[in-house]
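The values are calculated or read from the model by the stated rules, or taken from the named source; none is laboratory data. Because the structure is a prediction, the values reported are computed rather than measured. Glycine also receives a Cβ, built like all others from the backbone with ideal geometry; neighbour counts cover every protein chain displayed. For accessibility, only protein heavy atoms count, side chains too; no ligands or nucleic acids. Shrake-Rupley method; radii C 1.70, N 1.55, O 1.52, S 1.80 Å.
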Amino acid sequence: MIGVVLAAGKGERLRPLTDDRPKVILKVANRPIIEYVLENLSPFVDEFIIVVRYEKEKLMHTIGDEFNGKPVLYVEQLEGEGTARAIYSVKDYIEEEAFLVANGDIYFELEGIKALIHEFKKQKADAAILVKEFEDLSHFGMVEVEGKLVRKIREKPGKLRGYANLGVYAFTPEVFGFIERTGISPRGEYEITDTLSLMIEGGKRIAYAVYEGYWNDVGRPWNLLELNEYILKKYLRQDIRGVVEEGATLIPPVEIGEGTVVRSGAYIIGPVKIGRNSKIGPNCFIRPYTSIGDGCHIGNAVEVKNSIIMDHSNAPHLNYVGDSVIGEHTNLGAGTITANLRHDRGNIKVEIKGKLEDSGRHKLGAIIGHNVKTGINVTIYPGRKIGSNAFVGPGVIVDKNIPPNTIVSVKQEKVIRKR
């Protein structure tokens, strides 16, 4: 069986973290998101096809030609937007009776695939879809069922309880003929849910499997923090491969990669994951649900809490990083602080594609892109974004989002007179 993973999207809602890379290679708990998808498909497939487009070379470099010893083929998405067009791109490579499809930017676990394949075979179905029950389907497609089969699929029906489409499917090659008949949706995309509706109208059997485990559609910056917390809480185990100096305190579980040095006075409360060749301390405080990548520096008098710090980034002096996501090759100047709580303790809103969205969190810090530099004593308001390749000068208060490739500075008016 072939596992098809859809990874062509730009990830606009995750900017600035996706300014220069596809969202599926953003790291959560120090691993690219797409690796979790491949890992959970791996026991059930003989090979992978990854559908690519945006910044495809970076994805191909990240995954390579095989995963878990199984070959990986890259296919560029055909013209047109949407999941139906993405799936149709692999038409010439599918010769088997059935294949699996999963979005590359979601997190699910092994039990979901087991259940999907079981129902697909048991019902002798033409397709199968993985679903999960939610109290509010305002942001989901609703899957209406009758007995063991899908009766209807509706887009975002509002605040109703029901089954949501999770973006994981099983198909036979017959689906390609129905994709050819699928029209463009009101939002300008060719949707696989519309294809499934055509199949139902054509009398085809669409099975479903109910998934009760953890699932996350990583579409917004705070979803990265949610997923990071879940993975660290559930899977992290004590594993020290670096050097821990006398006088450092580690409260398990803490994972430390090879070549990393934790200096005296560092106080780390797990679950915390630290990559390879990083420098931690002296005299810093790293709090739970934090992942720190390879080649990072967390220095003196720095506190990091519930955050993701990606590879080769530094918080070296007098910094507070709380509930934040920091991209690669970024350096925080001495005294740079991320605020993560409103005075009224209300939910923090974040600008997503030009509109404010409620994150649902009352604690959320900064979302900082790649190759960013901040000067001394920079203060960043909750939920603010700093675009990749930006430079933020000393003393700046970041109360509005900063676009990529910009320099922001403040001029201080001085009065000098004789005493």
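Table: residues versus (1) in contact (Cβ under 8 Å) with a residue 12 or more places away in the chain; (2) open to solvent by 30 Å² or more (accessible area, probe 1.4 Å); (3) not in a loop (DSSP other than H, G, I, E, B).
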{"residue": "Ser264", "(1), (2), (3)": "yes, yes, no"}
{"residue": "Arg276", "(1), (2), (3)": "yes, yes, no"}
{"residue": "Pro282", "(1), (2), (3)": "yes, yes, no"}
{"residue": "Gly295", "(1), (2), (3)": "yes, no, no"}
{"residue": "Gly299", "(1), (2), (3)": "yes, no, yes"}
{"residue": "Asp311", "(1), (2), (3)": "yes, no, no"}
{"residue": "Pro316", "(1), (2), (3)": "yes, no, yes"}
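What do you reckon, is Ile256 at pLDDT 95 or above and either over 25 Å from Leu364 (Cα atoms) or buried (at least 19 other Cβ atoms within 10 Å of the Cβ) (or both)?
Yes: the conditions hold for Ile256.
Scan region 190-230 for residues that are open to solvent by 40 Å² or more (accessible area, probe 1.4 Å) and of a type in the set (Phe, Trp, Tyr) and report the count.
3
Taking the criterion of being at pLDDT below 95 and under 16 Å from Glu180 (Cβ atoms), would at least one residue in region 95-103 satisfy it?
no
Just one of the numbered conditions (1) open to solvent by 20 Å² or more (accessible area, probe 1.4 Å); (2) touching a residue at least 60 places away in the same chain (Cβ under 8 Å); (3) assigned to a loop (DSSP other than H, G, I, E, B); (4) farther than 29 Å from Gly383 by Cα is not true of Ala125; which one?
The failed condition is (1).
Answer yes if at least one residue in region 59-80 is open to solvent by 30 Å² or more (accessible area, probe 1.4 Å), outside any strand (DSSP E or B) and hydrophobic (A, V, I, L, M, F, W, C), and no otherwise.
Within region 59-80, one or more residues are open to solvent by 30 Å² or more (accessible area, probe 1.4 Å), outside any strand (DSSP E or B) and hydrophobic (A, V, I, L, M, F, W, C).
Pick out the one residue from Asp46, Asp19 that is charged (D, E, K, R) and closer than 22 Å to Gly219 by Cα.
Asp19
Could you say whether any residue in region 130-139 is surrounded by fewer than 17 Cβ atoms within 10 Å (Cβ to Cβ) and polar (S, T, N, Q)?
Yes: one or more hits.
Among the residues of region 141-153, what is the count of those that are assigned to a strand (DSSP E or B), surrounded by fewer than 17 Cβ atoms within 10 Å (Cβ to Cβ) and in contact (Cβ under 8 Å) with a residue 12 or more places away in the chain?
Count: 4.
I want to confirm something. Restricting to region 157-189 and keeping residues that are of a type in the set (Lys, Arg) and in contact (Cβ under 8 Å) with a residue 12 or more places away in the chain, which single residue is least open to solvent (accessible area, probe 1.4 Å)?
Arg161
Out of the residues in region 332-366 meeting the condition of being in a loop (DSSP other than H, G, I, E, B) and free of Cβ contacts under 8 Å to residues at least 40 places away in the same chain, tell me which one is least open to solvent (accessible area, probe 1.4 Å).
Once the filter is applied, the top-ranked residue is Ile348.
How many of the residues making up region 20-52 are touching a Gly at 6+ places or on another chain (Cβ under 9 Å), open to solvent by 20 Å² or more (accessible area, probe 1.4 Å) and not hydrophobic (A, V, I, L, M, F, W, C)?
Qualifying residue count for the region: 8.
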